[in-house]
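What follows is calculated from the coordinates using simple rules that are stated; it is not laboratory data. Every value quoted in this text rests on a predicted model; they were computed, and no experiment measured them. Every residue, glycine as well, gets a Cβ built from its backbone with ideal geometry; the counts of neighbours run over all protein chains shown.
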Ligand SMILES: Nc1ncnc2c1ncn2[C@@H]1O[C@H](COP(=O)(O)OP(=O)(O)OP(=O)(O)O)[C@@H](O)[C@H]1O
Ligand SMILES: [Mg+2]
């Protein structure tokens, strides 16, 4: 990709719509070969950004979903103990003894997403998504420093694997806890804003092919206003898409009171939010 405009055009071609800020952040991450840390409210398109980037670059997509208790064995690599045991048994049957050097070889190494991304041998580097890094324990972040800084992983028994060409790395976080400065330092950063109504409408237009105008536009504008309320969980793009899908499935063409109230469950996800949004509907319609 030659510049930020190019990034934007190619993402547009796979139906992911970015503003100038995100296009520039992605372009710089690609050009400098640095990981990109994306933050933003739930449903604002962080995960989708990495998937779209892989599609636009026409390169494999590797995903690591983080969760509490995630270990190196699940994220980086693991020794295949069963195969090692089997090898030992076979050797015993031949009255031979295997040494550590026989057992800790690449043959017995099981690649997990990060080592897989480092050792990827295809014509283009893959996109690696490390999704919701804030869900992993904070000690887990330290396991990533070598990889994020040098696109390398050291396996003590074997040595250091360094990527021939660094994978395109996207990390996402919902800010459920603070990330280490050391992790932030190794990444470029971008905060994804919820899109303005016109772009939200265009995203819905692409995601819900059956939906009609002016429903799409009024739904996007309504969501914009709803997001101004003090809600427990402000509706994101995912909710907006669900909502318009629901409205069009019901054959609704105009945002009437009844239509909004009937489909509230797609955009308001707690009892309090339901009440707040319902109230806003009544206040809006004369
Ligand atoms: N800029 C965009 N262009 C097109 N579609 C988008 C865009 N942003 C988000 N979407 C759509 O919105 C939906 C939600 O996005 P996504 O799941 O990536 O959000 P997220 O930020 O990862 O949310 P969470 O924090 O809950 O994981 C997806 O279906 C995605 O396709
Ligand atoms: Mg996500």
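Its Kirkwood hydrodynamic radius, worked out from the mean inverse distance over all distinct Cα pairs, puts the chain at 21.5 Å.
Rounded to the nearest 0.05, the FRET efficiency derived from the C-beta distance between residue 105 and residue 137 at R0 = 22 Å is 0.15. With contacts taken as Cα pairs under 8 Å and at least 6 residues apart, the chain reaches a relative contact order of 21 percent. Helix 215-226 and the long axis of the chain differ in direction by around 80°, with both axes built from C-alpha atoms.
Label-to-label distance for residue 250 and residue 225 is 1.7 nm, based on points extended 7 Å past Cα in the beta-carbon direction.
Could you state the angle between the C-alpha long axis of helix 197-207 and the longest principal axis of the C-alpha atoms of the chain, as a value from 0 to 90 degrees rounded to the nearest 10? Taking Cα atoms only, the helix is inclined about 60 degrees.
Site pair residue 175 and residue 233 shows an inter-label distance of 1.9 nm when each label is modelled 7 Å from Cα along Cα→Cβ.
The angle between the Cα long axis of helix 20-32 and the main principal axis of the chain comes to about 10°, on a 0 to 90 degree scale. Find the relative contact order for segment 190-237 and round it to a whole percent, using C-alpha pairs within less than 8 Å whose residues are 6+ positions apart. About 40 percent, as a whole number.
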